[in-house]
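For reference, the structure discussed in these notes is given below.
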Amino acid sequence: MTTIASIGTGNMGTALIKGILDAEPSIEVRATTYSASSAQRLAAALPTATVTSVEDNPEANRDAVASADFVFLGVKPWMMAETLRELAPALSPETVLVSMAAGVSAADLARLAPGSPIVRIMPNTPSSIGHGVIALAPAPGVDPTATATLRGLLSGAGLVVPLAESEIPAMTGISGSGVAYFFLLAEAMIAAGVTLGLTEETAKAMVVATADGAGRLLAENPDPAALRQAVSSKGGTTLAALSTFIDGGIFDLTEAAVTAAADRSVDMEQENSAAIDG
Ligand SMILES: NC(=O)c1ccc[n+]([C@@H]2O[C@H](COP(=O)([O-])OP(=O)(O)OC[C@H]3O[C@@H](n4cnc5c(N)ncnc54)[C@H](OP(=O)(O)O)[C@@H]3O)[C@@H](O)[C@H]2O)c1
């Protein structure tokens with residue numbers, strides 16, 4: 001049976017493991033957190049996993065990784081060095097390290113855990129309901145069978161897209177961080193609905209259902225320009241709104257936002273690399 005140790009199981013780690021377990025309940029998962037209170041919440045979210053906290057057991061992380069097939073690293077990027085230095089003596093050489101950290105390069109991970117096979121992934125939060133997007137970038141030398149197994153596991157959490165590590169910043173810009181852009185638009189639409197006289201409750205219900213419907217249509221027909229044009233009659237209401245967005249610079253603004261996220265991801269790699277050196 002495949003065993004996953006999930007070290008640092010917060011928002012993203014929980015989302016991924018939940019997606020994986022929903023699809024494959026027989027996977028053995030050992031999940032850790034720092035605090036006992038987080039572990040208690042996690043145990044409720046992942047009832048079939050073995051959950052331990054470092055607060056209760058200082059050996060929790062090392063115990064969890066012992067002979068695991070995959071170690072998912074879900075601590076914050078700036079904690080990666082400390083965490084890997086702690087884990088390194090307890091890792092079997094064939095255990096694959098799977099880092100979900102934004103801004104920690106495979107080269108730096110390899111410096112921290114010499115000899116371990118390393119895969120970088122970049123997930124997003126809808127992974128918790130099986131609708132995530134997960135970029136998968138194995139470092140050279142990772143056993144293709146292990147990569148294929150990992151890909152199969154992650155597919156329970158959503159669409160797995162194999163990428164080169166150099167493409168991760170762009171992926172982060174449109175997908176890792178991208179979920180939040182749709183939430184921001186939803187927030188703005190609800191606020192606009194309230195300004196035009198709807199109650200917040202009504203506006204929220206309508207925007208949520210509209211986002212759901214638009215997402216489903218797009219999944220069926222992945223051509224956003226065609227879908228938009230199909231609802232934009234000349235002189236009509238939708239075109240009035242879309243022209244306002246387009247004339248207001250939505251394409252340039254979106255490109256700037258995505259570039260800011262991608263650039264931040266590259267900056268974080270440099271900052272984290274310098275911190276590891278330091
Ligand atoms: N959130 C996203 O949308 C997203 C998207 C892509 C990638 N990521 C990446 O996912 C990683 C986690 O982000 P997150 O948002 O999930 O953070 P988070 O919710 O703060 O989760 C961090 C987890 O690490 C645990 N932890 C802290 N110190 C630990 C230790 N010494 N040993 C074991 N566990 C420890 C925390 O436990 P306590 O709760 O007890 O402190 C918590 O469970 C980051 O590297 C981030 O770059 C996140």
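Quick notes on this one:
- Expected 222 nm ellipticity per residue - DSSP helices of 4 or more, -39500 (n - 2.57), all of the chain, to 500: -16000 deg cm²/dmol
- Its Cα centre serving as origin, the chain has a Cβ charge dipole (Lys and Arg +1, Asp and Glu -1) of approximately 440 debye.
- Relative to its residue count, the chain spans a Cα convex hull of 152 Å³ per residue.
- Three principal axis lengths of the range 177-247 [C-alpha, angstrom, descending]: 32, 30, 20
- Candidates I190, I129, I27: whichever shows maximal mean-square fluctuation once the chain is modelled as a Gaussian network with Cα springs under 10 Å: I190
- Choice from D56, D247, D22 showing the highest fluctuation, given a GNM over the chain with Cα pairs closer than 10 Å: D247
- Contact order relative to length of the chain, as percent, for alpha carbon pairs under 8 angstrom and 6 or more apart: 17
- Residue of R62, R41, R111 that the Gaussian network model of the chain assigns the largest fluctuation, springs spanning Cα pairs under 10 Å: R41
- Expressed per residue, the C-alpha convex hull volume of the range 4-90 stands at 81 Å³.
Read-outs throughout are calculated quantities, based only on the coordinates presented, and are distinct from any laboratory measurement. Computed from a predicted model, the values in this text were never measured in an experiment. So basically every Cβ, Gly included, is an ideal-geometry build from the backbone, and we count neighbours across all protein chains shown.
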